[in-house]
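The values are calculated or read from the model by the stated rules, or taken from the named source; none is laboratory data. As the structure is a computational prediction, the values presented were derived from the model and not from experiment. As a convention, Cβ positions derive from the backbone with ideal geometry for all residues, glycine included, and neighbour counts pool all protein chains shown.
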Amino acid sequence: MGKKTILMVDDVKLNHEAARAVLQDTYDLYEAISAQEAFDILGTTIPDLILLDIIMPVMDGYEMFKILKRHPKLKHIPVIFLTADASPEAEVQGFNGGIVDYITKPFVPIVMKKRIETQIALSEYERSLEAKVAEKVEEIEQMYDLITVSFAGLVESRDGITGGHLKNTSIYFKAFVDHLLTKSKYRTQLTPDMVK
């Protein structure tokens, strides 16, 4: 498997040099000196993790982070804030906003590496669990559908009139519920998952 990818966003070139010295042997490192440059990179590359400076001109790290979390393809990427501000208030603001960790400047190489390593591993584990849960849900839904069809078939084989009626009733009911889902009044009370 290839190297994991990190995008570093920081307007200070010396910080890029320091991070590069620590990370370039282990990770593929993309570098941006502004939020706009970072979004340009994100248009073609989805990194495994983003290192994001808080204080930058034009758009600060908090604002960029909010945009990332609203984007469907980017919101899952773990973000570690880079900051010279180690105050509890700054940490609380970041954690309340959804960042996964902080790295204070100047960087301590081993701390930087370990925090990045940990967050990438956690992110991979989370995606793996989500995939397994989705797979199990799909299996359960298929089993439920099979049981329902089998039961309807059993009833129909015992009594053609009742069985046909059950099948028709389920078809009419599904059409009725699908129609209700198109009405805005019922969208908040009924969801496609509830109907299944």
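Assorted remarks:
- Count of segment 29-64 residues, restricted to those that are closer than 19 Å to L122 by Cα and either part of a helix (DSSP H, G or I) or among the acidic types (D, E) (or both), is 1.
- Qualifying residues in segment 94-131 (those that are outside any helix (DSSP H, G or I) and under 18 Å from the mean Cα position of the chain (by Cα)) - the one modelled with the lowest pLDDT: G98
- Failed item in (1) in contact with a helix residue (DSSP H, G or I) (Cβ under 7 Å, 6 or more places away or on another chain); (2) under 12 Å from I6 (Cβ atoms); (3) of a type outside the set (G, A, S), with R115 passing the rest: (1)
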